[in-house]
Every structure is written in C-alpha cells, then in structure tokens.
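Okay, so here's the structure we're looking at.
The values are calculated or read from the model by the stated rules, or taken from the named source; none is laboratory data. Since we're looking at a predicted model, the values are computed, not measured. Heads up, the Cβs are rebuilt from the backbone with ideal geometry, glycines too, and the neighbour counts pull from every protein chain shown.
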Amino acid sequence: MNRKDFLKRTLKTTLGTGFLVSTPVLGNVFGKENKDKTVNSVTASDTILGFNHLPNSSTQSSMANTVFHKANTRGMADHGWLKSAHSFSFASYYNPKRMNFGVLRVLNDDIIAGGSGFGTHPHDNMEIISIPIENGLRHKDSMGNTSFIGKNEIQVMSAGTGVQHSEVNDTQDTTKFLQIWVIPNKRNVEPRYDQITLNPADRKNKLQQILSPNADDAGVWIHQNAWFHLGSLQTGTKIDYDLKDATKNGVYVFVLKGTVNLKNNNETQESIQQLDTKDGFGIWDAKSFELEASQDAEVLLMEVPMS
C-alpha cells in the first residue's frame with residue numbers, strides 16, 4: 001500500500017480502527033478548576049492509523065525470524081507541545097515495512113509539555129495501554145472515569161463499541177509516557193477501563209508481569225492473547241524469557257534505558273544482538289531467549305500474536 005492509499009483508506013475507515021482525533025482545545029474538560037487553562041492538542045490530520053501487516057523479515061539482523069529497529073530510525077514528530085517517536089507507521093510517519101509487529105499496532109514514545117495534552121477524541125475496537133515514564137497524565141472518559149495516571153502505574157482501555165477520552169498533562173512538568181495500541185481478538189465489546197499501581201521492587205533483576213489475557217492474573221488484562229513484562233536489570237544480570245504461546249506469538253523488546261544483549265536460546269549457533277536505549281527488537285518462531293544487561297537497563301517485553 002502506498003502513502004496516498006494509506007491516508008485515503010484510513011480516513012474512510014475511521015470507526016473500527018482506534019483512530020484518534022482531537023478537539024482544537026480542551027476547554028473546560030475537567031470542570032471549573034480548568035476553565036482558564038488553554039491546552040494544546042493534536043489535529044485529526046496528525047493522527048492516522050494504518051493496517052495490519054506481518055513484520056518485515058527482510059530487515060537486516062543477526063538472527064533469523066527477527067526485526068531490529070534502531071532508536072534513530074523511528075518516525076519523529078515535533079508539534080512543539082508534543083514530541084513523539086513512532087516505532088510503527090503513525091500520523092505523518094508512513095513506512096510500509098514498519099506497520100506493526102503482529103497485533104502490536106502502535107508504540108509511541110511521547111513527551112508532552114506542561115499544560116498540554118490530547119483533547120477529547122473517540123476510539124473503538126482497540127486495546128489502548130498507557131505507561132508513564134516520568135510525571136503523569138489526567139484522564140477523563142465517556143464511561144465516567146476520571147483519574148491521574150503517574151509513574152509506576154499502567155492504564156488500559158478497551159475501546160470496544162466506542163469511547164471518548166482525554167489525556168492531559170495539567171502540571172508544569174514534562175510528562176513522558178508510552179502509548180501502545182494492540183488490535184483485539186474480539187470486536188464490539190463493552191468499553192472498559194482499568195488502572196493499577198506497580199511495585200518497582202517486583203522487577204528488580206527479574207521480569208514483572210504487567211498485562212495478560214486473564215483478569216485473575218498479575219497486572220491489567222486485555223482482549224488479546226498478549227503478555228507484557230517490565231524488567232529493571234543491574235549490570236551483568238541475565239534473565240530468560242519463555243514465550244507463553246510460542247506457536248503463535250512473538251515478542252517485541254523495547255529498551256527504556258541502558259544496554260542489553262539478546263541471545264536466541266533456540267539457535268544451534270549462538271547469535272547475540274545488542275540493544276541500546278529506545279531500540280526495538282522483535283523475535284518470533286522462538287520458544288525462549290536470554291537478556292543480559294551490559295549496563296544497568298530497563299526493558300519492556302510485549303508478547304503478542306503474530307497474526
């Protein structure tokens with residue numbers, strides 16, 4: 001699909017894609033205490049969603065069945081109030097070889113200035129996950145939820161049949177967060193919202209599960225056969241990750257900071273890939289792999305179905 005068709009087809013299929021569109025200004029979205037605050041927001045033309053493609057297996061890498069995305073190859077957007085790095089095609093960044101990783105559709109590394117944010121906008125049929133890295137955001141949605149999501153918390157929203165929400169940095173400090181979209185395995189479910197606090201001690205030199213398909217399991221849950229883990233690894237620490245569903249799933253490793261070496265445990269000949277801060281690495285057709293921190297590192301692992 002070329003860029004022209006990408007934009008044209010997306011605009012024709014706004015509903016059912018998780019498409020994001022915002023109002024010019026938030027205005028009095030949080031009540032009287034905010035009525036005098038002007039909040040910047042992104043326009044509809046700046047937020048285009050693409051379509052589901054399998055990973056690009058031709059991308060150069062030291063391992064088979066992998067894809068390697070260096071941090072500086074991501075799509076970059078600078079709206080002044082919002083700076084965003086897109087691991088996959090999003091908004092004005094279009095790369096037909098980087099549409100998604102399986103059902104992992106969006107991985108945006110966002111920086112939002114104080115007093116700015118995303119105005120009220122709709123989504124449907126998308127699992128939306130937010131993970132603040134620094135500071136936080138004020139959330140309000142059409143389901144009646146109002147909350148502040150900060151560091152060491154995770155927020156999930158199943159858009160389902162349709163929901164509207166806003167996410168605003170109503171402080172003077174810069175907010176950094178990850179915005180992640182996962183294509184669900186069920187359409188038109190009843191919209192839902194959840195938010196939990198994570199204990200950082202539970203990921204020191206190990207993996208902390210923060211998301212799964214099971215409401216009774218650790219972390220939040222979504223309508224998809226997916227598992228997310230966070231790890232905070234000291235230099236020299238080695239950890240193994242065993243895929244939950246190796247027959248159908250792959251794992252996208254995103255380094256929040258530091259450096260790790262990833263070794264595919266399934267290859268007869270040892271192959272190691274070095275990953276630095278904000279690098280992304282996807283691996284599939286594998287049962288397990290090893291991560292070793294060559295310097296203190298924080299990592300996010302996202303295991304998702306590949307189709």
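Give just the number: which of (1) farther than 28 Å from N266 by Cβ; (2) under 17 Å from the mean Cα position of the chain (by Cα); (3) modelled with pLDDT under 95 does K37 not satisfy?
K37 satisfies all of (1) farther than 28 Å from N266 by Cβ; (2) under 17 Å from the mean Cα position of the chain (by Cα); (3) modelled with pLDDT under 95 except (2).
Let me confirm something: among R138, R105, which residue is outside any loop (DSSP other than H, G, I, E, B), touching a residue at least 12 places away in the same chain (Cβ under 8 Å) and closer than 17 Å to L211 by Cβ?
R105
Could you grab me the full set of residues in segment 78-102 that are crowded, with 22+ Cβ neighbours inside 10 Å and not in a strand (DSSP E or B)?
Of everything in segment 78-102, those that are crowded, with 22+ Cβ neighbours inside 10 Å and not in a strand (DSSP E or B) turn out to be S87, F88, S89, R98, N100, G102.
I'm trying to understand the selection: among the residues of segment 127-151, which are small (G, A, S) and crowded, with 20+ Cβ neighbours inside 10 Å?
If the condition is that a residue be small (G, A, S) and crowded, with 20+ Cβ neighbours inside 10 Å, then S130, G136 are the ones that fit.
Among N125, N135, N95, which is the only one that is more than 27 Å from V220 (Cβ to Cβ), polar (S, T, N, Q) and at pLDDT 95 or above?
Working: N125 fails: more than 27 Å from V220 (Cβ to Cβ); N135 fails: more than 27 Å from V220 (Cβ to Cβ).
The match here is N95.
Which of the residues belonging to segment 169-203 are free of Cβ contacts under 8 Å to residues at least 24 places away in the same chain and either charged (D, E, K, R) or assigned to a loop (DSSP other than H, G, I, E, B) (or both)?
D202
Which pairs do you get when a residue that is within 19 Å of I183 (Cβ to Cβ), found in segment 116-128, comes within reach of a residue that is part of a strand (DSSP E or B) and of a type in the set (G, A, S), reach meaning Cβ atoms under 7 angstrom, with the pair 6+ apart or on two chains?
Going by the 7 Å Cβ cut-off, the qualifying pairs are E127/S158.
Working only within segment 250-303, note down all residues that are polar (S, T, N, Q), at pLDDT below 95 and under 26 Å from N225 (Cα atoms).
N264, N265, N266, listed by residue number.
Residue pairs, Cβ under 6 Å, 6 or more apart or interchain, first in segment 152-163 and surrounded by fewer than 17 Cβ atoms within 10 Å (Cβ to Cβ), second among the polar types (S, T, N, Q) and at pLDDT below 95. List them.
Filtered contacts from segment 152-163: no entries.
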